[in-house]
Amino acid sequence: MIANFCGQRLETLKINFLTDVTEQSVIKLAKHCRRLTSVHMYGCTSVRNVDKIMEERPTFTLEM
């Protein structure tokens, strides 16, 4: 998974139209990728509760 290997450089991630992406996987990214500020998730139909993600990282920009 990306969260395990993102290191300190990943700032923007585009995961558009990946239907298997869930809130939990984006929350894991938020926890482990501290420099990540923007996630593009157009067409990620499994993500339904953006509030959970924003609780973990209020400064995130989520593009849906």
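Return the pairs, sorted by first residue and then second, in which the second residue is polar (S, T, N, Q) and not in a loop (DSSP other than H, G, I, E, B), the first residue lies in region 29-51 and is over 13 Å from CYS6 (Cα atoms) and at pLDDT 90 or above, the beta carbons are less than 8 Å apart, and the residues are 6+ apart or on different chains.
Going by the 8 Å Cβ cut-off, the qualifying pairs are SER38/THR12; SER38/THR61; VAL39/THR12; VAL39/THR61; HIS40/THR12.
Would you confirm whether or not region 2-12 contains a residue that is exposed (fewer than 14 other Cβ atoms within 10 Å of the Cβ), under 10 Å from the mean Cα position of the chain (by Cα) and either at pLDDT below 90 or not polar (S, T, N, Q) (or both)?
So far as region 2-12 goes, no, none of its residues is exposed (fewer than 14 other Cβ atoms within 10 Å of the Cβ), under 10 Å from the mean Cα position of the chain (by Cα) and either at pLDDT below 90 or not polar (S, T, N, Q) (or both).
Can you pull out the residues in region 35-64 that are touching an Asp or Glu at 6+ places or on another chain (Cβ under 9 Å), in a loop (DSSP other than H, G, I, E, B) and surrounded by 12 or more Cβ atoms within 10 Å (Cβ to Cβ)?
Selection gives LEU36, THR37, MET41, CYS44, SER46, VAL47.
Restricted to region 16-34, and to residues that are of a type in the set (Val, Ile, Thr) and in a helix (DSSP H, G or I), which residue is farthest from PRO58 (Cα to Cα)?
VAL26
The values are calculated or read from the model by the stated rules, or taken from the named source; none is laboratory data. Everything numeric in this text was worked out from a predicted model, so none of it was measured. Don't worry about glycine lacking a Cβ; one is built from the backbone with ideal geometry, like all the others, and counts go over all protein chains shown.
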